[in-house]
There are 2 protein chains.
Amino acid sequence: MNTIKQLGNIAIGTRLRMLTDKFISDADKIYKTLDVDFEPRLFTVFYLINQKKSITITELAEQLGYTQPAVTQIANTLISKKLISAVKEKKDSRKKILTITKKGDELLLELIPVWQDIENSVKELIHETGYDVLFVLSKLESVLEKKDIFTRVMEKTKKRQIAEVRIFEYSNNSPGDARFKKELDKNFRDINYEWIKKYFKVEKEDRKQLENPGKEIIENGGVIFFAEYKDMIAGTAALLKKENNSYELAKMAVRDEVQGKQIGKKLGIAVIEKAKRLKCNNLYLETNATLTPAINLYKSIGFEEAEMKDPSKYERATFRMNYNFNKKLSEI
Amino acid sequence: MNTIKQLGNIAIGTRLRMLTDKFISDADKIYKTLDVDFEPRLFTVFYLINQKKSITITELAEQLGYTQPAVTQIANTLISKKLISAVKEKKDSRKKILTITKKGDELLLELIPVWQDIENSVKELIHETGYDVLFVLSKLESVLEKKDIFTRVMEKTKKRQIAEVRIFEYSNNSPGDARFKKELDKNFRDINYEWIKKYFKVEKEDRKQLENPGKEIIENGGVIFFAEYKDMIAGTAALLKKENNSYELAKMAVRDEVQGKQIGKKLGIAVIEKAKRLKCNNLYLETNATLTPAINLYKSIGFEEAEMKDPSKYERATFRMNYNFNKKLSEI
DNA sequence: TTAATTTGCATAAGTGCTTATATAAAGATA
DNA sequence: TATCTTTATATAAGCACTTATGCAAATTAA
């Protein structure tokens, strides 16, 4: 039974469950031994009804942190034991007002000294630990409320995953054998066709760039970026050279099965950095106004909504964004 | 939800349960979100099988503090997911040896980083509380192991109940009206008949004393003691005067429905103290050797087994005890 | 060496919560 | 004022354990 301690922090749930079970089963044994017709699970509800004199199901659930069905079930048990009674509220007949019955009051006379003994026993126990255990529990509750384990783990996982994503570029200057380049071309094509088909239709300009990226993008002075994640090409982006040191961010796509790993963001940042190194003074992109998540991503890396001046080569392009070179990047 | 805190020590079980639920459900959410085919409840068992490489159901149950059926169920789930495999031990075919499968090893590769993130998140959480929460839990566990809540409450309840028992005597010197004395006589008779009939048969000597205690006991220089508990006469004892400052403790009986409240002990002590005040130098009692609980009670208040010299007036009396006036009473 | 006891595991049923969903009354909106 | 949404409670089913019990293999006692 000591092994559980060695599992460390991760087994805290199991250890708490064991302590919980011990407390609850001891309480149960106490009622049984003292021949009091009561159960531990009824305690909080019965206690609070007595304290508040009259209270509804939902109010109890809120104040005790139970779910409503839990309170309904406990209340029904108390009603069947004739310890409380329920009446509908006059003004709002959905509400059920619970009050202690005469039999409940009589049972309370028996219960109160037992509760007092339990209270004192727990107090004594806690004192022997040398810690203000209840305060520690409060701390744990409040720290957990600020940021729970799920959120913490997600943050860590995201960071870990981002770290596992490797971005590399493919341009006229990149070395590499032909077979590898062919494989990359295929990935560039497939990943982009996949996402375009999902929301829109493939247009002539798409086909031109995707079928022959070497000629249409690289030879025109552009760069293609790939995101590699766990031995697979997970996403792409292209930096297209335009006139007068202008560049366009285009063909940015991430495979469906690796969404949510910040791959798009990492690609976008790589594109921006490359553009800066190329002395670009005008970086823009075109997208569709309905693609809110994408637009938010672009905003998060420094793009700002701009006027849609000239008609685009793409039917789907209804929204233009310019990169703001002066804005300091918020932390990524 | 803050109300639960105000319930104080007694609601510690409920508070622990809530924390437990939060940890477990967060872990569940993490596996689901990361699309890992695993469940929190499988963790400890799967982890330990991996650590020990091969282990049986019962060993797991012992080391984890789970019941054997719990481990059987978890193991079966792991087997159905093909994460572990079970083979019978050659030497003892009752034993089932569990080991991780290839698929289990593959899942572990996915799980370990997640577990690491959980581990770190809990560590971070605990650090933010400012307390060594796991150490506090250990303390709680060890203090609880030394003496659990049930035992503590029982001790307190016993003390409380003893305090509620009032012993009073009824002798030639006692004041009181006739009706009250008649009522006491009836109680003395009924309580004793009740217990005698339960184990033995009522004998002539019983009838003589019980039907006419005033004449047979009081007028002979004896004293009758009553224990009053919650407005009822709960037990009786008599101190019978014999020749040469000898006294006999007899007719000690406690109603069945108030057994276990130390009433007999309290009566016995009252009898002994009275005997001392009467300058008694030889206090004895006769009982039956089969009545072990009664004999233990007598021992606990200072009686010692003695030789059964003269044949008793009672058929059932097979065991004689003398009070040791020199022995210091152990704490009561 | 047989019979009785102990041990290891399986199975069934219970417990005390949960989530998901239904239902009816009340309140908001058009 | 009819409809749509929200709120209060009920009901059903699930979950992760528990206790109780059964069964067969192993061990101990006679």
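The values are calculated or read from the model by the stated rules, or taken from the named source; none is laboratory data. If you're wondering where the values come from, they're calculated on a predicted model, not measured in any experiment. Cβ: placed from backbone, ideal geometry, glycine included. Neighbour counts: every protein chain shown.
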Does any residue of the range B:122-138 turn out to be facing chain A (nearest Cβ under 8 Å) and at positive phi?
yes
Residue satisfying condition, being under 38 Å from the mean Cα position of the chain (by Cα) and more than 14 Å from chain A (Cβ to nearest Cβ), within set B:LYS96, B:LYS82, B:LYS102, B:LYS91
B:LYS96
In the range A:23-41, the residues that are at the interface with chain B (Cβ under 7 Å from one of its Cβ atoms) and modelled with pLDDT of 90 or more
A:PHE23, A:ILE24, A:ASP26, A:ALA27, A:LYS29, A:ILE30, A:PRO40
Checking A:THR33 against (1) touching a residue at least 12 places away in the same chain (Cβ under 8 Å); (2) β-branched (Val, Ile, Thr); (3) in contact with a helix residue (DSSP H, G or I) (Cβ under 9 Å, 6 or more places away or on another chain), which single condition isn't satisfied?
(1)
B:VAL45 being at pLDDT 90 or above, closer than 16 Å to B:ILE100 by Cβ, touching a helix residue (DSSP H, G or I) at 6+ places or on another chain (Cβ under 9 Å) and aliphatic (A, V, I, L, M)
yes
Can we say B:LYS91 is modelled with pLDDT under 90, within 16 Å of DNA strand D (Cβ to nearest atom) and at negative phi?
yes
Given (1) at pLDDT 90 or above; (2) surrounded by fewer than 18 Cβ atoms within 10 Å (Cβ to Cβ); (3) not in a helix (DSSP H, G or I), A:GLU273 misses just (3)
Residue list for the range B:126-139, filter: in a helix (DSSP H, G or I) and touching a helix residue (DSSP H, G or I) at 6+ places or on another chain (Cβ under 6 Å)
B:ILE126, B:GLU128, B:THR129, B:VAL133, B:VAL136, B:LEU137, B:LYS139
Of (1) within 14 Å of DNA strand C (Cβ to nearest atom); (2) farther than 30 Å from A:GLY65 by Cβ; (3) crowded, with 18+ Cβ neighbours inside 10 Å, B:ARG94 satisfies every one except (3)
Would you pick out the residues in the range A:50-79 that are within 12 Å of DNA strand D (Cβ to nearest atom) and either more than 40 Å from the chain's Cα centre (by Cα) or in contact (Cβ under 8 Å) with a residue 40 or more places away in the chain (or both)?
A:SER54, A:ILE55, A:THR56, A:ILE57, A:ILE79
Quick test for you: out of A:TYR66, A:TYR31, pick the one residue that is in contact with a Phe, Trp or Tyr (Cβ under 6 Å, 6 or more places away or on another chain), among the aromatic types (Phe, Trp, Tyr) and either within 12 Å of DNA strand C (Cβ to nearest atom) or under 21 Å from B:ASP21 (Cβ atoms) (or both).
A:TYR31
Listed residues B:ASN76, B:ASN50; which is assigned by TED's automatic domain parsing to the domain that holds B:GLY104, more than 13 Å from DNA strand C (Cβ to nearest atom), in a helix (DSSP H, G or I) and not hydrophobic (A, V, I, L, M, F, W, C)?
B:ASN50
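Which one is surrounded by the most Cβ atoms within 10 Å (Cβ to Cβ) among residues in the range A:152-198 that are of a type in the set (Ser, Thr, Tyr) and modelled with pLDDT under 90?
Ranking the candidates gives A:TYR170 first.
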List the helices (runs of 4 or more DSSP H) inside the range A:140-258, counting only whole elements, that have at least 3 residues being away from chain B (no Cβ under 14 Å).
A:178-199, A:204-211
State whether the residues of the range B:31-49 include one that is within 10 Å of DNA strand D (Cβ to nearest atom) and among the charged types (D, E, K, R).
yes
Apart from one, (1) buried (at least 18 other Cβ atoms within 10 Å of the Cβ); (2) modelled with pLDDT of 90 or more; (3) over 19 Å from A:GLU169 (Cβ atoms) all hold for A:ASN322; the odd one out is (1)
